[in-house]
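Read-outs throughout are calculated quantities, based only on the coordinates presented, and are distinct from any laboratory measurement. Nothing here was measured: the structure is a model prediction, and the numbers come from that model. No Cβ is skipped: glycine too gets one built from the backbone with ideal geometry, and neighbour counts run over all protein chains shown.
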């Protein structure tokens, strides 16, 4: 608001700045006195020529223009046109003694705010008040229109950036309204008429029946809706669309929905790509697990062969001895009986070895069961003891007596322990025999957590490689695949545990996992 007069609701402005086009100074003084008498403080700038009139407007700060209709070198109508072209927000009131009624009405049609005859100057106060009030209303309306225009621009840009369009649907008339982004999503341009027929036409043929049923249900239930379907575009490409909406109003027999459509094609494609990667990862893990089993078997072949060779050789030797004693003139039955006992003992030993190997490497999906981890580790140590002894490694087991049972896959956990033991044995190849020490330890952690430690005195590794050694295909073994530790970590993580490694302060490295 610009000012408050005696009978108005306008805010008081310290001083009203008036540009007065008038060739008689006394008339300008009289107008200023009349306004002041009614409490309107003002500063009047009087000009007589076109140049001075334009200069004053260009300087700015003018709240109101008063203009005589006729001047010696200029006229009020010309001044009105200049003001309208360059300063349309500034109201103009004609104050003249020569302005006829018809001319005055014509001036109002052209754009003047009001006219006041000098013979009735008392009208100047309410005329000024009304002119300023209308000017302020026009400014407010202009600001609101500008804000609305900006809001529409921002909304359109936001819809474009988020691939989200809006719509309105008048169910009673069937009329549908789309934003510009909705037109773009459906591959249409105005003046195309949005309709349910157009929506169904664009809908992918395999989704069309479903969308029809959903539309019927929406109309019947008149509740919020949220669903996805595909669009088949004219170029043959497919878009994935999410549609959400809610009732807007109901009355006079009409019913409307408002909502939004979002192009979620990129999200769907990313989800499908992720699903394919997960499938590929599972297939790779299965294949790598198989490779790991084969690799482990290869590493253990010599150890298992030696483990079986001892009892089998003993069986053959004792069988030959028994035959020899039976073939003599005086069979030594006591020796024969002892040989048979040794054959039975060695046969049982060979059977036990075969049973353990079969249990360890049988093909089965991972399945958790309640198991004694100490017992499972002891079985692995028995299978690897020949390799440990062959490499002159001193193996020490420190198995906690109070170790709680764990839920896990026996075969897979034994594979992890076997892999860690064989890696440790191999890491000590270049170490003096007297310094080769391997420790396998179990201990209770916090709560029901258990920790397994395999520590060796081998060559160790660079601390910077503490994580890299678990990467697939990372290996320092000649001819190695670098899969053992990667798969071992995958197995432990499947059990909800953690597998990590640290170099020792002295020689060697320590591998640990928790369950």
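How much length is gained on full extension from residue 275 to residue 196, taking 0.36 nm per residue of separation minus their Cα-Cα distance?
Between residue 275 and residue 196, full extension yields an extra 25.1 nm.
Of all the C-alpha pairs in the range 163-263, what % are more than 15 Å from each other?
61 percent
Compute the separation of the alpha-carbon centres of the range 366-419 and the range 188-257 and state it in Å as a whole number.
Each part reduced to its Cα centre gives a spacing of 62 Å.
For residue 75, project a label point 7 Å along Cα to C-beta. Then give me every residue of the range 109-123 with its amide nitrogen under 15 Å of that point.
110
Order these peptides, 128-136, 204-212, 461-469, by their mean beta-carbon neighbour count within 10 angstrom, highest first.
128-136, 204-212, 461-469
Please give the FRET efficiency for residue 267 paired with residue 504, using the beta carbon to beta carbon distance and R0 = 56 Å, rounded to the nearest 0.05.
Computed FRET efficiency for residue 267 and residue 504 comes out at 0.70.
Taking 35 Å as R0, compute the FRET efficiency from the Cβ-Cβ separation of residue 282 and residue 344 and round it to 0.05.
0.15
Determine the shape class of the range 159-215: with a ≥ b ≥ c the square roots of the Cα gyration tensor eigenvalues, call it rounded for a/c under 1.5, and otherwise prolate if a/b is greater than b/c, oblate otherwise.
Oblate is the answer for the range 159-215, as a/c is 1.5 or above yet b/c matches or exceeds a/b.
Counting other beta carbons within 10 Å of each Cβ, put 410, 441, 267 in order, fewest first.
Listing 410, 441, 267 from fewest to most nearby Cβ atoms yields 267, 441, 410.
Simple spin-label model, 7 Å along Cα-to-Cβ: residue 217 to residue 334 in nm?
The two pseudo-label positions are separated by 9.2 nm.
In nm², what is the average projected area of the convex hull enclosing the Cα atoms of the range 16-143?
7.3 nm²
Taking the mean number of other Cβ atoms within 10 Å as a proxy for protection, how do you rank 226-235, 449-458 from highest to lowest?
Output ranking for 226-235, 449-458: 449-458, 226-235.
Rounded, prolate or oblate: which fits the range 127-202, taking a ≥ b ≥ c as square roots of the Cα gyration tensor eigenvalues, rounded meaning a/c under 1.5, else prolate when a/b beats b/c?
Prolate shape, in that a/c is at least 1.5 and a/b is the bigger ratio.
For residue 118 and residue 51 in the same chain, what is the full-extension length gain: residue separation times 0.36 nm, less their Cα-Cα distance, in nm?
Difference between extended and current length: 21.6 nm.
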